[in-house]
Amino acid sequence: MDEKIMLLLKGTLLINNVFAIIPAILMGVSKVAKVFEIIIFSRVVLGICAGISYSALPMYLGELAPKNLRGTLGTMTEVFVIMGVFLAQIFSLQALLGNPTGWPLLLALTGVPAVVQLLSLPFFPESPRYTLIQKKDEATARQALRKLRGWTDVEDEIEEMCVEDQAERAEGRLSVLNLFAFRPLRWQLISIIVLMAGQQLSGINAINYYADLIYISAGVDSIQSQYVTVGAGVVNIVMTLISAITVELLGRQRLLLVGYGICGLSCLILTLALLFQSQVAGLSYLGIICVFAYISGHSIGPSPVPSVVRTEIFLQSSRTAAFMVDGAVHWLTNFIVGFIFPSIQEVIGAYSFIIFAGICLLTAIYIYVVIPETKGKTFVEINYIFAKRNRVEIPEKVEETTGGEPCSSSAPTKETSF
């Protein structure tokens, strides 16, 4: 991360709370003010907040975590996103706040998590990896590690960070434009684009869009369907928690492949159920099962695991630029699906889910062929694996640091502008 153009990760997250608290207040008073434009403006600002959080928070957690817990902590971002969505579904029930009198309070509640983070985050340390590699402050990095780990002997992790620092010096601190032209990171860049595009283009938002229609076709009335949606939210939370628990046992690649397999199969069966539900009694209920199965599969792999992998396959100097590309692809493909799916669905109906099944298959093939298992490996070890695929040479051994001598004392890292 280029410190000339970016704040520290913790500082970025702290300031970002402003983009949640102010819109929450504005939306809360919008009904009294009788100005609907306030809601539109507030939603735009909240979008900025979400975009910043989506990149900065997983990066912060990934850099704080020891390698044996990096997968679990990395998936925590998705776990709490899903929990937030679930709480929103609960509060938006008509019996609670989803009614003409309660909606201003419902919208204002979006500021509560931001207030909690604003009050608690100052007590957390800055990323030790960022502090050592880019701020060149080894003493502060060591102190932060001791606070995070709860013990004093953190020299192994300091040494690993020093090795990463030295391994990436020739790379420089890459900008987004440089990243696209930098051959040693070519397959890493392609991989995050495929992972994030596959996550959205596999149809998760389309399934959510179509779910209510499937519930209604099965005989669930429009009022009761909101409770079925809450049930889907429970499934989402449970399966994401299972992913967080098993990601360090089963590995990233396996969870991604299993998740995409379940999603693709669910889309195929859902297509058949929608096509023949008017002719075969009971197929409409199979459609509901397919929706729940799809949500389960997506929650196991495609939703949470890319947040872990995108942190692991880049070194410190290129991680910020990579996350900018990652975030742009995520939100662009999210917009594309939301914008064009209703039109596609009107034209080809149930067959639209075959497209998503095909994307699941193609994404799974890419993951199996290209993306290595990163469980239990250091950032430098993962970099060596990708170096072979990129057909570039990296020195097998990097000079180790000795004693208490700071690893930042060697020649400064090159910097490249945006």
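A short reminder: the numbers here are calculations on the coordinates, not readings from a lab. Treat the numbers as computed from the prediction; the structure is a model and nothing was measured. Every residue, glycine among them, receives a Cβ derived from its backbone with ideal geometry; neighbour counts consider all protein chains shown.
Averaged over all directions, how much area does the convex hull of the C-alpha atoms of the chain cover when projected, in nm²? Mind showing how you got there, number by number?
Working: hull surface 86.6 nm².
Mean shadow area of the hull around the Cα atoms is 21.6 nm².
Treating each Cα of the stretch 175-393 as one equal point scatterer and applying the Debye formula with no solvent, the log10 of I(q)/I(0) at q = 0.09, 0.16 Å⁻¹ comes out as -0.40, -1.05. Which of rounded, prolate, oblate describes the stretch 218-291, given a ≥ b ≥ c as roots of the alpha-carbon gyration tensor eigenvalues and a/c under 1.5 marking rounded, otherwise prolate only if a/b is larger than b/c? Since a/c reaches 1.5 but b/c is at least a/b, the shape of the stretch 218-291 is classed as oblate. Shape analysis of the stretch 1-124 based on the Cα gyration tensor places the equivalent ellipsoid semi-axes at 30, 18, 11 Å, largest first. For the stretch 272-386, the gyration tensor built on C-alpha atoms gives a prolate shape. Its axis ratio a/c (a ≥ b ≥ c) is at least 1.5, and a/b is the larger of a/b and b/c. Here the sum of -39500 (n - 2.57) over DSSP H runs of 4 or more residues, divided by the residues of the chain, equals -23500 deg cm²/dmol at 222 nm, to the nearest 500.
For a protection proxy built on the mean count of beta-carbon atoms within 10 angstrom, sort 299-310, 153-164 highest first, please.
Taking the mean over residues of other Cβ atoms within 10 Å, the ranking is 299-310, 153-164.
Rounded, prolate or oblate: which fits the stretch 198-239, taking a ≥ b ≥ c as square roots of the Cα gyration tensor eigenvalues, rounded meaning a/c under 1.5, else prolate when a/b beats b/c? Here the stretch 198-239 falls in the oblate category.
Taking only Cα atoms of the stretch 25-77, what ratio of Rg to Rh do you get with Rh as the Kirkwood inverse-distance radius?
Working: Rg = 17.1 Å, Rh = 13.2 Å.
Rg divided by Rh gives 1.29.
If you run the Gaussian network model on the chain, springs between alpha carbon atoms under 10 Å, then out of 34, 147, 375 the most flexible one is 34. For the stretch 179-259, what percent of Cα pairs sit more than 23 Å apart? Across the stretch 179-259, Cα pairs with separations above 23 Å total 46 percent.
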